[in-house]
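The values are calculated or read from the model by the stated rules, or taken from the named source; none is laboratory data. Here the structure is a predicted model, which is why all the values come from computation and not from measurement. Cβ coordinates were reconstructed from backbone atoms using ideal geometry, including for glycine residues, and neighbour counts include every protein chain displayed.
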Amino acid sequence: MAKEETTARHSSLDLTRRSLLAGTAAIGGAAIVGTSTAPAKASTPKRGGRLRMGISGSSTSDTLDPNLPFSAMAAVVAIGQCRNGLIEVGGDGQLNPELAESWEAASDDATAFRLKLRKGVEFHNGKTLTPADVIASINHHRSAESKSFLKPLFADITELKADGGDGVMIRLKGGNADFPFLLSDPRLQIYPEGTDKHDSGIGTGGYILEEWEPGVRAFSRRNPNYWKDGHANFDEVETIAIEDVSARTSALTTGEVDVINRVERSTAGRLDGISGLSVVVQNGYKHYTLPMRCDTAPFDNNDLRLAVKYCCPREEILKKILFGYGALGNDHPIGSFNRYIASEQELPQRQYDSDKARHHLKKAGMEGAKIQLNASDVAFEGAVDMAVLYAESAKAAGLEIEIVRQPADGYWSNVWMNQPWCISYWSGRPTEDWQFTEGYLSTADYNDTFWKNESFDKLLLEARGELDETKRRSMYVEMQSIVSNNGGQVVPVFAADLIASSDKMGHGAVAANWDMDGYRLADRWWFA
């Protein structure tokens, strides 16, 4: 899966115009920038040992079927151990070949793409990978009964067929210069054709699942026929659900586990200073949000929404909730690591301003208003504390925020996308089109503010197929401005993911697109 191989294959393409359309190491060089503060721990992977991971983000209702809501624990087991995707995001932020050995645009307008699959790859049940497996796996997300997050992203596929013995042809109803990025989503996992038990864990991955107790524990052993050299270096992997952050940290410091996710930010510095332990900071796409339902009073008034945004104590949240592990947000989901992030000159950073908040409250006819903010720490560590900071800062503008503390159980089904205002988060997406399509398009299933804007929708569809970089950038900057100034989302900060591990763990550059090295820690790390 060397990047040099795919670079040579597509060297004839005009990369200044079509760098996003072909599978090369040049793809996304400016589009994905995720950084880790920890350098590679060893240059050569070594085999052996049992990896024990303490994971937060689990439930007894967890499933390994990514067509359904997908937890962090399910992800590190499914895509990090049992299965592979077509394309993956590497530690350098580039798109790298996985089961798709290469990909290329099959048209000049980005409406068709051809994937060339690897030969000789076997599933755990002994079946050899074929184009039919890839087609069936993609269609699993496209079916009428599908509840997948990927379903709206694949809605533009008009034709999906085998192209020879090793190829898959995908045609779209409209141009999409970013389409290869969609194929890197960890929820797009490849199964054997005919699979009717998508929770089984059968795949082409580096480990074979032997035990799976949702929300409790998983156990797998190395796949002796794994096709990917230098990966899946552990003999065994034990994945243990530990939701309590103190218990998770204690398990690491006492040697009961080797690595944990979602390190408590307030103690990360001290933890990193303990002999034998280290902390990896993943600055990726994750952002905290406070979605206001634009179809529900009083948030159907944009002046009220602007007042709420000007009441947001962003600097204080970054300092006191994230302890500096992150960056300021500007009420849209595009961060500094995205390709087309609006500059300070194009879209000035919104600051806390009680006078402007009062001005917009007066325009809305809501001076001295009282609104409710629903919060639970199940959204993220410190969510309730962030709500308290928000409420205090709003008082100076004459806005009273009543915090409604919600139980963790049922928060995502009963509160998010149901209550008029709540606290949430997005893991983020590596392209502007992907994030806007999934969360901001009027018809998006996960448009959690229920915001509708015809100008935004029109720009989004036009930008998707625009290959002129200057025009494309201008469109995405305009979309960020529309969302920031008119949308229902408060985005106070972008939050880094923190991993803590034993110093005996070795790894290369850590991917920042998802938690736990893009969920692939078990596939990529080793005992040094």
**Request:** Go through the stretch 216-234 and give me each residue that's crowded, with 16+ Cβ neighbours inside 10 Å and part of a loop (DSSP other than H, G, I, E, B).
**Result:** 223, 226, 227, 228, 231, 232, 233, 234
**Single unsatisfied condition, residue 48 versus (1) surrounded by 23 or more Cβ atoms within 10 Å (Cβ to Cβ); (2) more than 19 Å from residue 515 (Cβ to Cβ)** = (1)
**Fill in**
Scanning the stretch 113-148 for residues that are over 25 Å from the mean Cα position of the chain (by Cα), of a type in the set (Gly, Ala, Ser) and under 27 Å from residue 174 (Cβ atoms) gives 132
**Residues located in the stretch 291-347, provided they are of a type in the set (Asp, Glu) and either within 22 Å of residue 415 (Cα to Cα) or touching a Gly at 6+ places or on another chain (Cβ under 7 Å) (or both)** = 295, 300, 331
**Complete:** Filter the stretch 272-295 for residues that are over 26 Å from residue 429 (Cβ atoms) and among the polar types (S, T, N, Q); the one that is surrounded by the fewest Cβ atoms within 10 Å (Cβ to Cβ) is 275
**Asked** What helices (runs of 4 or more DSSP H) lie completely within the stretch 462-526 and have 3 or more residues being closer than 30 Å to residue 46 by Cβ and either in contact with a Leu (Cβ under 6 Å, 6 or more places away or on another chain) or outside the structural domain of residue 312 (by TED's automatic domain parsing) (or both)?
**Response** 515-518, 521-524
**Request:** Tally the residues that are assigned to a strand (DSSP E or B) and either of a type in the set (Asp, Glu) or over 20 Å from the mean Cα position of the chain (by Cα) (or both), restricting the search to the stretch 264-292.
**Result:** 4
**Item:** One residue from 162, 110 being more than 21 Å from residue 226 (Cα to Cα) and out of contact with any Leu (no Cβ under 9 Å at 6 or more places or on another chain)
**Value:** 162
**Complete:** In the stretch 439-461, residues that are assigned to a helix (DSSP H, G or I) and among the small types (Gly, Ala, Ser) total 2
**Fill in**
Within the stretch 81-140, residues surrounded by fewer than 21 Cβ atoms within 10 Å (Cβ to Cβ), among the hydroxyl-bearing types (Ser, Thr, Tyr) and either outside any strand (DSSP E or B) or in the same structural domain as residue 511 (by TED's automatic domain parsing) (or both) come out as 107, 111, 130
**Message:** Pairs needed: first member in the stretch 256-270, under 12 Å from residue 239 (Cα atoms); second member anywhere, aromatic (Phe, Trp, Tyr) and buried (at least 21 other Cβ atoms within 10 Å of the Cβ); C-beta distance under 8 Å; at least 6 residues apart or different chains.
**Reply:** 259/525
**Fill in**
Going through the stretch 330-357 in order, the residues found to be in a loop (DSSP other than H, G, I, E, B) and farther than 15 Å from residue 477 by Cα are 350, 351, 352, 353
**Message:** For the stretch 398-414, check the following and say yes or no: at least one residue is farther than 22 Å from residue 485 by Cβ, buried (at least 19 other Cβ atoms within 10 Å of the Cβ), at pLDDT 95 or above and touching a strand residue (DSSP E or B) at 6+ places or on another chain (Cβ under 8 Å).
**Reply:** yes
**Failed item in (1) buried (at least 23 other Cβ atoms within 10 Å of the Cβ); (2) assigned to a loop (DSSP other than H, G, I, E, B); (3) out of contact with any Lys or Arg (no Cβ under 8 Å at 6 or more places or on another chain), with residue 77 passing the rest** = (2)
**Item:** Residues (acidic (Asp, Glu) and in contact (Cβ under 8 Å) with a residue 12 or more places away in the chain) located in the stretch 120-161
**Value:** 122, 133, 156, 159
**Request:** Would you check if there is a residue in the stretch 383-404 being part of a loop (DSSP other than H, G, I, E, B), touching a residue at least 24 places away in the same chain (Cβ under 8 Å) and acidic (Asp, Glu)?
**Result:** no
**Prompt:** In the set 167, 175, which member is assigned by TED's automatic domain parsing to the domain that holds residue 189, under 18 Å from residue 108 (Cα atoms), surrounded by 15 or more Cβ atoms within 10 Å (Cβ to Cβ) and small (Gly, Ala, Ser)?
**Reply:** 175
**Prompt:** In the stretch 418-438, what residues are among the aromatic types (Phe, Trp, Tyr) and either assigned to a loop (DSSP other than H, G, I, E, B) or over 12 Å from residue 287 (Cβ atoms) (or both)?
**Reply:** 421, 434, 436
**Message:** With the requirement that a residue be of a type in the set (Phe, Trp, Tyr) and in contact (Cβ under 8 Å) with a residue 40 or more places away in the chain, what does the stretch 177-225 give you?
**Reply:** 179, 181, 191, 207, 212
**Request:** Please work out if residue 258 is surrounded by fewer than 20 Cβ atoms within 10 Å (Cβ to Cβ) and of a type in the set (Asp, Glu).
**Result:** no
